[in-house]
1. Relative to the longest principal axis of the C-alpha atoms of the chain, give the angle of the C-alpha long axis of helix 284-297, reported between 0 and 90° and rounded to the nearest 10°.
2. Relative to the compact-globule scaling 2.2 N^0.38 Å, provide the ratio for the alpha-carbon radius of gyration of the range 98-163.
3. What percent of all Cα-Cα pairs in the chain falls into each 20 Å bin, going from 0 up to the bin containing the maximum distance?
4. How large is the dipole of the range 419-568 about the Cα centre if only Lys and Arg carry +1 and Asp and Glu carry -1, each at its Cβ, rounded to the nearest 20 debye?
5. Where Lys and Arg each count +1 and Asp and Glu each count -1, what net charge lies around Gly315 among other residues with Cβ under 11 Å from its Cβ?
6. I'd like the Kirkwood hydrodynamic radius of the range 360-505, using the inverse of the mean 1/r over distinct C-alpha pairs, in Å.
7. Normalising by the residue count of the chain, find the relative contact order in percent from Cα pairs under 8 Å and 6+ residues apart.
8. What number, rounded to the nearest 500 deg cm²/dmol, is the helix-based mean residue ellipticity at 222 nm of the chain, given -39500 (n - 2.57) per DSSP H run of at least four residues and division by all its residues?
Amino acid sequence: MTDLNDTVHRVTQRIVANSAAGRRRYLDLMDRERDRAPDRNSLGCSNLAHGFAAALEDKPAIAGMRGPNLAIVTAYNDMLSAHQPYGAYPPQMKVWAREAGATAQVAGGTPAMCDGVTQGQDGMELSLFSRDAIALSTAIAMSHAMYDGMFMLGICDKIVPGLVMGALRFGHLPAIFVPSGPMPTGIGNKEKQKVRQLYAEGKATRAELLESESASYHSPGTCTFYGTANSNQMMMEMMGLHVPGAAFVPPGTGLRQALTRAAVHRLAAIADDPQFAMARTCDEKAFVNAVVGLLATGGSTNHAIHLPAMARAAGIALDWNDISELSSVVPLIARVYPNGSGDVNHFQAAGGMGYVIGELLEAGLAHRDIRTIWGGDLSDYAKEPWLDGEELAWREVGATGDDTMLRPASDPFLPDGGMRLVEGNIGRACFKTSAVDEERWTIEAPCRVFDNQLGVAEAFAKGELDRDVIVVVRFQGPRANGMPELHKLTPPLGVLQDRGYRVALVTDGRMSGASGKVPAAIHCTPEALGGGPLALLQDGDVVRLCARTGTLATTADLSGRTPAQPSEDEHGVGRELYAMFRLGADGAERGASAMLAAAGL
């Protein structure tokens with residue numbers, strides 16, 4: 001068995017040390033919650049009667065305490081393609097619970113917004129804070145004290161992080177995350193990207209763009225590019241919170257149904273076993289594994305925000321120094337669109353998470369000895385599920401099925417994980433190098449400063465950006481406007497780069513989990529609102545962004561300048577209702593959460 005990599009070990013130990021006080025407080029709270037017996041055994045008769053009044057088939061079992069009662073927390077809606085399959089899950093899961101001598105109830109629902117629908121729209125300003133709302137909704141669902149275990153039904157961008165954050169506050173109970181799988185592969189990714197850029201240049205019509213997009217996002221299931229949603233599923237595997245291999249099996253298949261049935265049977269089996277409590281499975285090693293998996297697969301930059309927030313909910317301190325240092329030793333062994341040509345279905349066919357986990361364990365880059373919901377260790381996840389007749393089974397993955405998509409850790413695409421910390425006199429930010437040509441890792445040019453995406457689009461259309469330029473988009477941080485993804489910037493900046501200009505983006509906002517080939521310093525903290533250095537930049541200031549040296553700086557003298565002020569309207573599309581989240585949010589590196597900040601976590 002390969003020894004654990006020295007850097008992975010050192011970073012893990014540093015996280016343990018930095019987390020000691022917070023982790024102890026969290027575990028003490030979870031122990032008190034378990035000792036307090038906040039379940040249906042502790043409820044008065046009137047309370048309990050309310051709890052099972054509508055459980056017609058299961059009322060005798062719930063009332064008689066015959067077996068565990070399992071909560072289903074679902075983010076179902078039928079607008080979000082990834083979550084549409086969840087509509088059929090609860091009735092099936094109740095049947096499978098009865099098979100295992102248990103009962104199941106839908107404890108509650110959570111919001112589930114689609115960033116793909118709200119990209120570039122005002123509604124995107126609710127997106128990041130929907131994560132806090134999801135965590136709060138999860139807490140409401142679990143507050144009824146009727147349950148012995150938790151199923152979390154969620155996939156997409158803020159939804160899994162929010163479910164994790166909420167469920168961890170009920171960490172005296174075990175939790176299993178249940179995915180539904182990706183939609184079939186649609187139009188080729190290069191063709192989709194080509195039409196987007198043609199539309200940005202005015203060379204394709206809206207009808208042609210809509211036809212292209214509809215051929216890509218076309219049926220129930222998760223979008224097939226490797227963005228935040230699919231990165232979420234990868235992390236749940238790396239943390240041992242799925243049934244092994246469940247992440248990328250398509251919906252509507254016998255294998256998917258068998259995996260969900262296995263999840264129900266498994267939660268019924270571990271509901272009374274404290275060693276599988278979520279507080280114990282989600283420890284420092286599990287979160288390090290999540291980071292390692294993110295780096296090894298070129299996953300979403302959004303998790304530079306979500307991972308610190310999720311870890312905080314478990315009393316664990318995780319920051320960008322930890323992620324950047326792990327990135328220095330974790331090789332990039334997967335290339336999935338937008339970092340490669342194939343999508344997650346191709347990734348799954350080539351070996352998927354079973355291959356990735358096997359390689360990371362063999363190279364000593366992941367903690368094998370985490371406590372998974374499956375009962376063994378992480379090596380259980382280094383296999384692939386299949387149906388042996390009608391029986392669910394697991395088999396060895398073997399060698400990569402496509403070395404343009406998956407490669408061994410000994411011969412990776414890149415020697416590091418491609419998520420680097422850059423910092424200097426205009427702040428700290430994240431730079432995802434794995435999708436950017438190495439010749440573009442250093443960009444130095446005069447900047448052009450904008451306060452929103454629309455300004456960039458207008459300047460691009462007028463030809464004002466046809467030069468070497470660093471585009472600064474500020475007042476996009478959590479306190480300013482909820483830190484929306486700036487997805488609309490990708491096509492015009494890509495066009496400028498293709499025209500031969502040296503272009504980069506610096507922003508206190510987020511880029512899409514599918515951000516690609518343009519060098520970008522994102523999540524810049526401190527944010528511009530409140531006097532962060534970005535608020536002092538002016539058009540023409542020379543900015544240097546270098547992933548090699550970890551530099552984000554300007555040569556301009558910022559002293560004596562008056563900070564610019566935002567001019568964004570904060571009303572409409574419900575944005576005014578989220579004022580409390582904006583006012584209370586902490587910085588991006590802390591996870592940009594008003595809820596955690598207010599709770600003192």
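Throughout, read-outs are computed from the coordinates displayed, never taken from laboratory work. Here the structure is a predicted model, which is why all the values come from computation and not from measurement. A quick note on method: Cβ atoms are made from the backbone with ideal geometry, for glycine too, and the neighbour counts reach across all protein chains shown.
1. Taking Cα atoms only, the helix is inclined about 50 degrees.
2. Compared with the compact-globule rule of thumb, the range 98-163 sits at 1.33.
3. Binned Cα distances yield the sequence 21, 56, 22, 2.
4. Values: 17 positive and 18 negative charges, 54 e Å.
I would put it at about 260 debye.
5. Once all neighbours under 11 Å are counted, the net charge is +2.
6. Working: mean 1/r = 0.0510 Å⁻¹.
Mean inverse Cα-Cα distance, inverted, gives 19.6 Å.
7. Relative contact order for the chain comes out at 15 percent.
8. It comes out at -11000 deg cm²/dmol, rounded to the nearest 500.
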